[in-house]
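Student: Dumping the structure here so I can ask a few things about it.
The values are calculated or read from the model by the stated rules, or taken from the named source; none is laboratory data. These numbers were taken from a predicted model, which means no experiment stands behind them. Cβ atoms come from the backbone with ideal geometry, glycine included; neighbour counts cover every protein chain shown. The protein model used for the area step is the full one, side chains on, heavy atoms only, and it has no ligands, DNA or RNA in it. Shrake-Rupley method; radii C 1.70, N 1.55, O 1.52, S 1.80 Å.
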Amino acid sequence: MLFKTIVGQEEIKTRLIHSVNENRISHAQLFLGPEGSGSLALALAYAQYIFCKDKQKDDSCGVCPACQKCQKVVHPDLHLVFPVALSKDVRVSDHLIADFREAFISDPYLTLQGWFNNLGAENKQPVIAVDESASILRKLSLTTFEGGYKIMVIWLPEKMNGQSANKLLKILEEPPAKTLFLLVTENEDQLLRTIVSRTQLISIQKLPDRILTKVLQEQHGLSDDASLKLAFLADGNYATARRLLSENENAALYLRIFQSWMRACLKFDAVKVIDVIDEITPLKREKHKEFLNYALGILRECLVMNYGNAALVRLQGEELEFVKKFARFIHAGNCERFIEEINKASAAIERNAAPKMLFMNLSFKANELLNIAVPA
């Protein structure tokens, strides 16, 4: 990971580089930053700079063997610990290290929710269990492969259970020589105070709107107005900005499917209902949930159109034109049940319900609800 690929955080980058060049590397550092600030990416860029064999003034060289290994997250002296969903086959981070490497390389602003979505474990409890402590001790007992530091990056140490956290504290109190701990946290208050007191704090702030706006324009080609709006909604969280951007890109697809679906459900044209379901079901489970969330958003805008101030409707273009026509079917007599049925379907998707059966059942419910008359 190169520092230059991380959005903003120039002051932190400079501070980290100076600590290496001035030989003032603290053995335990706490990277404290909110989701989407780039804290994990900064920790790994820092590790790469330490390992780099041809350090530049403001970044790693990016081409030496150490840098190439770090960029693939396979450097033998770089160890990673992160939350997992415990199972019979998964007890420690090493059991999922290949998946984590792939997830992080694909998205350096990886969130806990995104990580568990990748695993298909959205409903499981993320934890760093006591078995991980033994794994950490074993790794740190080994000599370094390349003669420098051993670096242990622990992502979200607040997910450590009590036994694991107490064992980590003992390691921090008596660290092995040439060992560097980088703890990357979003919630300092959930860590043992004794752990926090034994680390050097690296405080990372959320990204300013001007930085987010600039990167959305330069890297994603958004207009001034669109980037400003998205930066405002993201509130300093680049992960959220990218998710919203993806949702916007999917909005046209979801609108077309939702339009076809509701038209087919209104008079229950079975052939067209099946056609729509056949288009929905090949999508991944995460997309099924996104689509249902999109449907909830459309229902909300219909209610605002009917019972609030039409000027507060947040849609534009084709979405707005559709809501103007569709809003008459969403009213006090059916909106509560409609929302309830969609939420039940979304919960069923999380429990691995069969999508064809789920969307067919929801289509029958939609037919019933759309044909309820407006209350007098």
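Student: Relative contact order of the chain: what whole-number percent is it, with Cα pairs under 8 angstrom and at least 6 residues apart? Provide the component values of the computation, followed by the final result.
Tutor: Values: 493 pairs, mean separation 64.3, N = 376.
Relative contact order for the chain comes out at 17 percent.
Student: To continue, here is another question. With a sphere of radius 15 Å drawn around the Cβ of F338, what net charge do the other residues whose Cβ falls strictly inside it have (Lys, Arg +1; Asp, Glu -1)?
Tutor: Working: positive: R300, R328, R337, K344, K365; negative: E301, E336, E340, E341, E368.
Residues close to F338 contribute a combined charge of 0.
Student: A further question follows. So what's region 82-135 giving for Rg/Rh, alpha carbon basis, Kirkwood Rh from the mean inverse pair distance? Kindly include the intermediate steps, with their values, before the conclusion.
Tutor: Working: Rg = 10.7 Å, Rh = 11.4 Å.
Reported Rg/Rh, Kirkwood definition of Rh: 0.94.
Student: Residues of the chain: accessible area per residue at 1.4 Å, in Å²?
Tutor: On the way: 18650 Å² over 376 residues.
Accessible area per residue, the chain: 50 Å².
Student: Treating only the Cβ atoms of Lys and Arg (+1) and Asp and Glu (-1) as charged, compute the dipole magnitude of region 195-328 about its Cα centre; round to the nearest 20 debye.
Tutor: 380 debye
Student: If you scale each eigenvalue of the Cα gyration tensor by 5 and take the root, what three semi-axes come out for region 87-189, rounded to whole angstrom and sorted largest first?
Tutor: Gyration-tensor ellipsoid for region 87-189: 24, 17, 14 Å.
Student: Using a ≥ b ≥ c from the Cα gyration tensor of region 62-103 (square roots of the eigenvalues), is it rounded, prolate or oblate, where a/c under 1.5 gives rounded and otherwise the larger of a/b and b/c decides, a/b for prolate?
Tutor: prolate
Student: Rounded, prolate or oblate: which one fits region 189-278, using the alpha carbon gyration tensor with axes a ≥ b ≥ c (rounded when a/c is under 1.5, else prolate when a/b beats b/c, else oblate)?
Tutor: oblate
Student: Rounded to the nearest 10 Å², what accessible area does L168 show when all protein chains are kept and the probe is 1.4 Å?
Tutor: 0 Å²
Student: What distance in nm lies between label points placed 7 Å from Cα along the C-beta direction at Q316 and D58?
Tutor: Rounded to a tenth, the inter-label distance reads 3.4 nm.
Student: Right, another one. Given R₀ = 22 Å, what would the calculated FRET efficiency be for F268 paired with N343, taking r from the Cβ atoms and rounding to 0.05?
Tutor: 0.50
Student: With +1 on each Lys and Arg Cβ and -1 on each Asp and Glu Cβ, and nothing else charged, work out how big the dipole of the chain is about its Cα centre, in Debye to the nearest 20. Let's see the in-between values first.
Tutor: Numbers: 46 positive and 45 negative charges, 90 e Å.
Roughly 440 debye for the chain.
Student: Set the bar at 29 Å for Cα to Cα. Now go through K13/K287; K150/K214; K72/K344; K13/K53 and name every pair that lies beyond it.
Tutor: Over 29 Å Cα-Cα: K13/K287; K150/K214; K72/K344.
Student: Which sequence of S197, S39, S26 reflects their accessible areas, 1.4 Å probe, from the largest down?
Tutor: Highest to lowest solvent-accessible surface, that is S197, S26, S39.
Student: Tell me which of I280, T213, P176 sits at the most positive position along the dipole axis of the chain, charges placed on C-beta atoms (Lys, Arg +1; Asp, Glu -1).
Tutor: Result: P176.
Student: Related question: With a 1.4 Å probe and every protein chain left in place, tell me how much accessible area K325 has, in Å² to the nearest 10.
Tutor: Only protein atoms counted, so the area is about 150 Å².
Student: To continue, here is another question. Over the heavy atoms of S203, what accessible area does a 1.4 Å probe trace out, to the nearest 10 Å²?
Tutor: The value for S203 is about 50 Å².
Student: With a 1.4 Å probe and every protein chain kept in, tell me what percent of the accessible surface of the chain is carbon plus sulfur.
Tutor: 51 percent
Student: I've got another one for you. Under 5 Å between amide H atoms, partner at least 5 residues away or on a different chain: which partners does T281 have, H built in plane at 1.01 Å?
Tutor: The answer is none.
Student: Right, another one. Please work out whether the chain counts as rounded, prolate or oblate from its C-alpha gyration tensor, where a ≥ b ≥ c are the square roots of the eigenvalues and a/c under 1.5 means rounded, while otherwise a/b larger than b/c means prolate and anything else oblate?
Tutor: It comes out prolate by the Cα gyration axes.
Student: For the chain, set up a GNM with springs between Cα atoms under 10 Å and report which of A348, A252, A311 has the largest fluctuation.
Tutor: Among A348, A252, A311, the largest GNM mean-square fluctuation belongs to A311.
Student: Now a separate question. Restricting to the chain, what percent of DSSP beta bridges are antiparallel, rounded to 5?
Tutor: 10 percent
Student: Residues of region 79-94 with amide nitrogen under 19 Å from the 7 Å Cα-to-Cβ point of V127?
Tutor: Inside the label zone: 81-94.
Student: If you don't mind, another one. Specify the residue with the greatest mean-square fluctuation among E158, E174, E186, computed from a Gaussian network of the chain linking alpha-carbon atoms under 10 Å apart.
Tutor: Most flexible of the set in this elastic network: E174.
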